[in-house]
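Below you'll find the structure, written out as structure tokens, and then a few comments.
The values are calculated or read from the model by the stated rules, or taken from the named source; none is laboratory data. On a predicted model such as this, the values are computed, not experimentally measured, just so you know. Here the Cβ positions follow ideal geometry from the backbone for every residue, glycine too, while neighbour counts run over all protein chains shown. Ligands, DNA and RNA are excluded from the accessible area calculation, which covers all protein heavy atoms including side chains. Shrake-Rupley method; radii C 1.70, N 1.55, O 1.52, S 1.80 Å.
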Amino acid sequence: MNMMSATECLLQMCDEHFELEDYQSGVPRWCTGCGDNAILAAVQRLCRDEGLRPEKTVFVSGIGCSSRFPHYMKTYGFHGIHGRALPVAEGVKMARPDLTVFVNTGDGDCCSIGAAHWIHAIRYNMNITVFLHDNQIYGLTKKQASPTSPIGTKSNTTPRGSYLEALNPLSVTLGVQNVSFVAQAVDWAPEILFDIVKAAYHHKGLSFVRIVQRCPEWLPKMLDPWLHDPNKVQLLHHENGLQVSAGMGRVYKNQLQHDPLDIDRAREIASSHETIPVGILYRNPEVPCYEDLRRPDTLRTPELTRAGFNRELDKYTVWPQDAKAKAA
Amino acid sequence: MDRDMEADTQSHVAFFLTGRRQPEHLDAVDGLDLRPALFAGYRELSQLRYDFPVVLVPGRADSQSVQSLSGLIDGALATAARGSDAERIRKHVLALEQEVRALAEGGAGGTLAALWNAAASRLAKDADPSLADSFKRARAAIKVDGEVAICDAALPARLLRHAWSAVQKQKAERFRKDLDRLVQKLSDILKADFARSEAGRSPAHLQESVGTGYGGSFDFDALSHLLATALPKDTFPESRRQRIRELLAVLHAQQFFPPATAPAALAGAPAPYSFEFESCAEALAAFRERSPRLIELARAIAIAQLEIDGQYNEARHDALFEQFGANGLDPQDLEPFPDYLVCLNAAKMHAEEHAQLMEILSSGLQIKVLLQIDDILEDAAAGAGNLSAGLRSRQVANMAIGLNEAYVLQSSSSNLFRFRERIVRGLTFGGPALFSVYSGANGAASGLPPYLVSAAAMESRAFPAFTYDPSAGANWAARFYLEGNSQVDLDWPIQGFAYEDEQHQRVSEDLAFTLVDFVASDRRYARHLARVPREKWNGSMIAVDESLSRERKGLPDKVPSVLMVDADNVLQRVIVDERLIREARRCREMWHSLQELGGVHNSHAEKLLAREKKAWEERMQKEAEAQPAAVPAATPAAAATAVAASAAAEPEAEHSPDEAWIDTPRCSTCNECTQLNGKMFAYNGNMQAYIADINAGTYAQLVEAAENCQVAIIHPGKPRNPNEPGIDALLKRAEAFI
């Protein structure tokens, strides 16, 4: 039984209420038809519904189409350097655990140049929400193959088609120690996308959401088979996972009951090629967060900090001869 | 039946009915030093391994705060007694345990370490060199230490104070941490404010902040000028500054928890309040007196939190906090503050105190009350041998559970170790708690050790153990716990008893331990008992539990009796008068009530079960009779119902093929349609498209939007203007989306 106290109730009455416009900043420069728009709409809706205070919310990104995301949120944002969105976000969370931290990263930003940070961010399991905008191509630099481009993808860097099998971000994430939340969404099912974004936000720990998104400019037909055949999208549902609405159930009839606590089954599902699994693959709220493990027991007062500095600096202090003699 | 036997039976029956003993047939039990037969094996408790003594481990606010000596020794032996020395270590350490127990029960107080050393030196006199090694190895395996407590009159208060102190210490640490954080953050706000002020930017202050070492290396005038021009000009309202200073003053002056240990904080800090009391009246008076300070502090904490988050808005919050706590604080708000502890003894409680106790238990305040009862068999003023006087104390816990809001624990002292987790739960419960404990230390009334008396009270259902935890769930099944008692589904617990008869043959039988067995050990009730000389034993004597289950009509032909043993462990049979049987019957009825609350033989459940069973049998009977005709007919009907139910579960909005519409929930916000015609297509509150004005565009735009839509959710319907140019081609293109 977790009841709110009278004081909490009264204070909530005084809370500010936010509208969608309170989170909207500028007109997105993404191409018309880009899946990033759907992700932006879902995230802004989440902020409004959860009443996230803009001055307590941070979006951190790296480089790429998706990484323009913080520009379109009227919150704090950090449009960082390529592949380093996750360490920046972790630093923000470590220094300011009271902030809600989101990361928007693309398939190049996360799975290529930022792959090392990605692995370790999963392992550290800090309480941040990560959206991997996976359009399977470098779009901002006009079509180069990314690590998640399917084999045979023709691009400026692979004019005869890419030679390697695509990297699977889900199975990679599920293979890392301390993984605590992995989900997959598609941008063309916005209701489910919103439900997953919401579940990810509520999870305490690093929530990794891969969002399969269309790139209408450079790979306009790439996802058509899945887009036009709902049976190629497999909805994962469970009483402890995603609940499928009647409307979505009518469109997406290919459904699978999957317990998000079952990591072995999650790995199997993540590896499927024929269908795109959509839903929560894995969720374990018991995995500890790094910031909680490292939180100091004592309050860092100025006196404590000063004493610590003095102690360290004293190690390198060259004392005058007479002082040394006196001390002896 | 011969004449003598008939006379004996008649005298037994007469005693049963009147309590009047005929000396030629029956002996008085006074001076015989009898005790219930089941106690025969418990003459010397220090020779036995049981839950006591216990070690009160400091600094723990969980089940590990109280540990049994036997448990600690067992744990140590599991670690230390291994290999070829195992048997030797085991033997030595068990002897040491016995010595520690004897010392503790002999009145030697102190910590486990002290008693361990004392016992070790006593045993070392035997000069076995391996003793020291055994003790050293076992001691190294015991990682805890603490005061050793035996099961005596002081135990309930001692144990509860110990657990309460640990819980309060933990609470204080948590509170202190929060308070220190608030103080630091508020001070930081004031410091930042000062740094941005004219005084803070002055060259003199800037120089001070750099220190003496490199003071000459800076141009502080230039620095001050730079800061004056570069820093934002928005000012910090004086009202906020004042508010933060007031908050800091309240937080510093609080007396609910001890101040921080830093010497600077200690200087001039007011003395913290005490929360331990000897009476309910004192505790309530203290609570009322401190209430304004409590509300002030709670208010300051709430405002400080808002200030730190930058959320305090005078227009919104000033009025709210002006009335803060006008109706007192609710239990959730009170939770972080210390709990009061009141230790009462039922013998010293008068009616007014009793009323105050009930007020506390119904108040929702965090006051924990220990009601220690030393005697539940005290004589009533109304009449000798009447047990009802002790009943009042016994029934306080039963009354308290009726209040529904208080945590209630009833237990004998002997069971407190087993209930240690429940004690901690009561102490951490966010409301009032009553711990009603029977110590068994009723002086010379029985001559038995308190542990045995209190265990017997619980075993005989005279003082059953239970807990009622309102935080455990919404119903009785979750809240009420009765399983701490032995053989909870029986009226009286049954124990096996073996003895040697006159022919030196082993005889075994099952004995029920009833209220009469418990009362029989109390000398004050000797007049209700009479020993039957062995030569006069006959078939007219039956066990008390059997007697209670019999329905008596007319003159009794059987007399209830209990088996007892004398100081030489010789078996005696003692008959009982009706007064005690009446009490035993009442005790059993009370036990039945508790059983019902605990879901054992619940009459409502049994009645419902019987009704359902009967209904089920009737239904089965009818189905069996109607089966040949019903089976084929039922299938289509059932199928129709299933289809109807399924259709009802998923209503689908119908759209005419002529109507233009968008499946809005599936819109992926891709901007295709809104960029085509921002008046015809618009986004709703969730940024998903809908047709805002069908007349704001052409049919051609509708068709184009449908074709461009990434998720194919735009349905153009039929054109409103049949004369639109190229309509035939448009209709053909639209077919795919209708």
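Test A:Q234 against the criterion of being under 26 Å from A:I122 (Cα atoms), modelled with pLDDT of 95 or more, over 23 Å from the mean Cα position of the chain (by Cα) and not aromatic (F, W, Y), and give yes or no.
no
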>> If I filter region B:652-683 down to residues being surrounded by fewer than 14 Cβ atoms within 10 Å (Cβ to Cβ) and of a type in the set (S, T, N, Q), which single residue comes out as farthest from the other protein chains (Cβ to nearest Cβ)?
In response: B:S656
> Pick from region B:711-729 the residues that are crowded, with 19+ Cβ neighbours inside 10 Å and on the phi < 0 side of the Ramachandran plot: which of them is modelled with the lowest pLDDT?
Replying inline: B:V711
> For residues in region B:306-331 being in contact with a helix residue (DSSP H, G or I) (Cβ under 7 Å, 6 or more places away or on another chain) and assigned to a helix (DSSP H, G or I), which is nearest to B:R241 (Cα to Cα)?
Replying inline: B:E307
> In region B:547-563, what residues are farther than 22 Å from B:E378 by Cβ, touching a residue at least 12 places away in the same chain (Cβ under 8 Å) and open to solvent by less than 60 Å² (accessible area, probe 1.4 Å)?
Replying inline: B:S547, B:L548, B:P556, B:V559, B:P560, B:S561, B:L563
> Limited to region B:299-350, what total is found for residues that are over 30 Å from B:I373 (Cβ atoms), charged (D, E, K, R) and at the interface with another protein chain (Cβ under 10 Å from one of its Cβ atoms)?
Replying inline: 5
> Can you tell me which residues in region A:106-132 are touching a residue at least 60 places away in the same chain (Cβ under 8 Å) and closer than 19 Å to A:H203 by Cα?
Replying inline: A:A121, A:I122, A:Y124, A:N125, A:M126, A:N127, A:I128, A:T129, A:V130, A:F131, A:L132
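Consider A:F59 carefully, then state whether it is more than 14 Å from chain B (Cβ to nearest Cβ), aromatic (F, W, Y) and surrounded by fewer than 22 Cβ atoms within 10 Å (Cβ to Cβ).
Details: more than 14 Å from chain B (Cβ to nearest Cβ): yes; aromatic (F, W, Y): yes; surrounded by fewer than 22 Cβ atoms within 10 Å (Cβ to Cβ): no.
No.
Here is a yes/no grid of residues against (1) of a type outside the set (A, V, I, L, M, F, W, C); (2) within 19 Å of A:C111 (Cβ to Cβ):
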position	(1), (2)
A:L164	no, yes
A:H202	yes, no
A:Q213	yes, yes
A:E217	yes, no
A:V233	no, no
>> Give me the residue from region B:221-256 that is in contact (Cβ under 8 Å) with a residue 60 or more places away in the chain and in a helix (DSSP H, G or I) and, out of that set, surrounded by the fewest Cβ atoms within 10 Å (Cβ to Cβ).
In response: B:S239
> In region B:455-511, what count of residues is obtained for those that are of a type in the set (V, I, T) and more than 22 Å from B:N415 (Cα to Cα)?
Replying inline: 1
> Do you know which residues across region B:452-484 are aliphatic (A, V, I, L, M), under 30 Å from B:I150 (Cα atoms), part of a helix (DSSP H, G or I) and in contact (Cβ under 8 Å) with a residue 60 or more places away in the chain?
Replying inline: B:L452, B:V453, B:A456, B:A457
> Looking at A:D22, A:D15, A:D36, which is the one that is in contact (Cβ under 8 Å) with a residue 12 or more places away in the chain, under 28 Å from the mean Cα position of the chain (by Cα) and at the interface with chain B (Cβ under 9 Å from one of its Cβ atoms)?
Replying inline: A:D15
> With B:A472, B:A462 as the choices, which residue is within 14 Å of chain A (Cβ to nearest Cβ), out of contact with any Pro (no Cβ under 9 Å at 6 or more places or on another chain) and modelled with pLDDT under 95?
Replying inline: B:A472
>> Being exposed (fewer than 10 other Cβ atoms within 10 Å of the Cβ) and over 27 Å from A:D224 (Cα atoms) is the requirement here; does A:E286 meet it?
In response: yes
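Do any helices (runs of 4 or more DSSP H) lying entirely in region A:161-241 carry at least 1 residues that are away from chain B (no Cβ under 14 Å), and which ones are they?
Here the list reads A:169-174, A:190-202.
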>> Could you check region B:44-63 and list, in sequence order, the residues that are touching a residue at least 12 places away in the same chain (Cβ under 8 Å), open to solvent by 30 Å² or more (accessible area, probe 1.4 Å) and closer than 22 Å to B:V570 by Cβ?
In response: B:Q47
> Looking at region B:522-539, which of its residues are open to solvent by 10 Å² or more (accessible area, probe 1.4 Å) and either among the hydroxyl-bearing types (S, T, Y) or over 27 Å from B:M590 (Cα atoms) (or both)?
Replying inline: B:R531, B:P533, B:R534, B:E535, B:K536, B:W537, B:N538, B:G539
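So that you can scan it fast, the table gives a plain yes or no per residue for (1) over 16 Å from A:T173 (Cβ atoms); (2) surrounded by 15 or more Cβ atoms within 10 Å (Cβ to Cβ); (3) among the small types (G, A, S); (4) in contact with a His (Cβ under 8 Å, 6 or more places away or on another chain):
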{"site": "A:F208", "(1), (2), (3), (4)": "no, yes, no, no"}
{"site": "A:C215", "(1), (2), (3), (4)": "yes, yes, no, no"}
{"site": "A:P220", "(1), (2), (3), (4)": "yes, no, no, no"}
{"site": "A:D224", "(1), (2), (3), (4)": "yes, no, no, no"}
{"site": "A:N231", "(1), (2), (3), (4)": "yes, no, no, no"}
{"site": "A:D262", "(1), (2), (3), (4)": "no, no, no, no"}
{"site": "A:I269", "(1), (2), (3), (4)": "no, yes, no, yes"}
> Say we look at region A:47-56 and pick out the residues that are in contact with a Ser or Thr (Cβ under 9 Å, 6 or more places away or on another chain) and not basic (K, R); which of these is nearest to the other protein chains (Cβ to nearest Cβ)?
Replying inline: A:E55
>> Out of everything in region A:76-102 that is touching an Asp or Glu at 6+ places or on another chain (Cβ under 9 Å) and buried (at least 22 other Cβ atoms within 10 Å of the Cβ), what residue ends up being farthest from the other protein chains (Cβ to nearest Cβ)?
In response: A:G83
